[in-house]
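Beneath this line is the structure, given in structure tokens, with notes to follow.
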Amino acid sequence: MGKQTMAMILRDESALYYECGYSCDNAILLKLGSEAWFFTDGRYAVEAEEALQGSELVIADDILAAAAKRLKKSGVKRCGYDPKEWDCHRFGRLDPKGKITWKARPEWSHKRRMVKRPEEIELLARAAKAGAKAFDRIARAFSEEGFGKDEYALHFLAESILRKKGKRELSFVPIVAIGPNAAKPHAHPTKRKLKKGDLLLLDAGVKVERYCSDRTRTVRAVKGFDFGTIQGFKSRRMQKVYDTVLRAHDRAIDKARSGMKARQIDALAREVIEKAGFGKYFVHSTGHGVGLDIHEMPYISRRSGTKIADGMVFTIEPGIYLPGEFGIRIEDTVVMRNGRAEVL
């Protein structure tokens with residue numbers, strides 16, 4: 001083995017899937033140059049044999065011991081790992097005698113996955129389209145049978161539509177929030193009931209072949225409402241906040257360019273909200289990458305110096321949250337294509 005060869009050992013399911021086309025909840029992937037070994041137990045033998053690409057399948061009752069044995073047999077001197085994937089117990093068993101030089105490679109897989117391949121973008125676009133159609137169905141269902149129901153019931157109804165009777169997986173647990181509860185960016189359901197004219201926030205996403213979608217809309221819930229971005233609120237204050245968030249959303253998408261740093265795109269949205277006097281109520285980043293995981297690189301935050309490039313996919317989701325009153329967030333997922341942001 002040449003001096004420049006360094007192995008990489010992975011546990012994260014999305015990282016495994018990206019590297020070899022298969023993953024499960026008890027597996028390790030060891031990569032060494034053009035060679036790779038996928039360690040799992042007998043429960044997954046048939047599926048792994050069918051799906052694995054470019055990796056040798058190793059079935060073992062104790063996959064840590066099997067991986068340690070392979071490391072020793074291969075004569076590995078240096079091995080990379082993502083410290084976010086490992087705990088002290090598991091990591092210690094890989095090299096109990098301390099003969100390997102371990103190189104921490106935080107976010108190794110996320111960095112490899114940051115620029116999406118064309119086939120990945122297609123899957124993300126399909127997921128976004130499926131999510132948008134689900135939003136339309138949820139709007140009809142809420143309009144027809146949602147008034148008078150509490151957030152628990154609305155959450156259950158939204159999730160059943162998103163899952164398409166069990167045929168689809170969700171990107172994350174949906175957020176359904178009414179009025180003051182929407183002032184919590186990651187609101188949990190409450191007993192608050194939906195009344196006509198209420199502010200309603202829905203944040204949800206679905207998966208297509210493991211690739212995620214992510215979308216948020218805030219609306220005035222009246223008979224026949226939809227989740228479009230044109231909304232009219234009776235409260236002038238609420239309308240002002242909504243219009244501010246929409247301007248921030250639209251400005252960031254319209255002016256984002258490949259070659260910018262992520263914090264510059266964050267500033268495009270944040271400046272609108274700050275100039276309107278609501279800066280301290282925008283309490284999170286403008287966006288995050290989306291792919292096999294719902295939160296990936298690049299992070300569109302005030303601190304991120306990541307250079308944005310064509311092929312990156314991320315959300316634009318400014319929000320204003322007024323504690324005890326209401327919260328508004330508008331979110332779309334975009335792909336950088338031909339230098340500009342295109343809504344999926």
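Laboratory data are not the source of any read-out in this text; all were calculated from the coordinates shown. Since we're looking at a predicted model, the values are computed, not measured. As a convention, Cβ positions derive from the backbone with ideal geometry for all residues, glycine included, and neighbour counts pool all protein chains shown.
Worth a mention:
- Relative contact order [Cα under 8 Å, 6+ residues apart], the stretch 7-112, whole percent: 25
- When the charge dipole of the chain is built from unit charges on Cβ atoms (+1 for Lys and Arg, -1 for Asp and Glu) and taken about the Cα centre, the candidate among Leu123, Trp108, Ile63 whose Cα reaches farthest toward its positive end is Trp108.
- Listed cross-link partners Lys116/Lys275; Lys207/Lys275; Lys103/Lys307 are compared with a 29 Å cut-off, the Cα-Cα value being larger for Lys116/Lys275; Lys207/Lys275.
- Straightening the chain between Lys165 and Lys149 buys 3.7 nm, computed as 0.36 nm per residue apart minus the Cα-Cα spacing.
- Sequence-separation-based contact order of the chain, relative, with Cα cut under 8 Å and 6+ spacing, percent: 14
- Counting Lys and Arg as +1 and Asp and Glu as -1 over every other residue whose Cβ lies under 10 Å from the Cβ of Leu29, the net charge comes to 0.
- Shape of the stretch 209-280, Cα gyration tensor, a/c cut at 1.5: oblate
- In sequence order, the stretch 295-300 has phi-based couplings of 10, 9, 6, x, 9, 8 Hz under the Karplus curve 6.51 cos²θ - 1.76 cosθ + 1.60, θ = phi - 60°, and Gly or Pro positions carry x.
- Remark: relative contact order (the stretch 215-323) = 26 percent; criterion is Cα-Cα distance under 8 angstrom and separation of 6 or more residues.
- Each residue, Arg237 and Arg303, gets one label point 7 Å from its Cα in the Cβ direction; the gap between the two is 3.3 nm.
- Derived scalar couplings ³J(HN,Hα) [the stretch 36-45; Karplus, 6.51 cos²θ - 1.76 cosθ + 1.60; whole Hz; x for Gly, Pro]: 8, 10, 10, 9, 8, 9, x, 4, 10, 4
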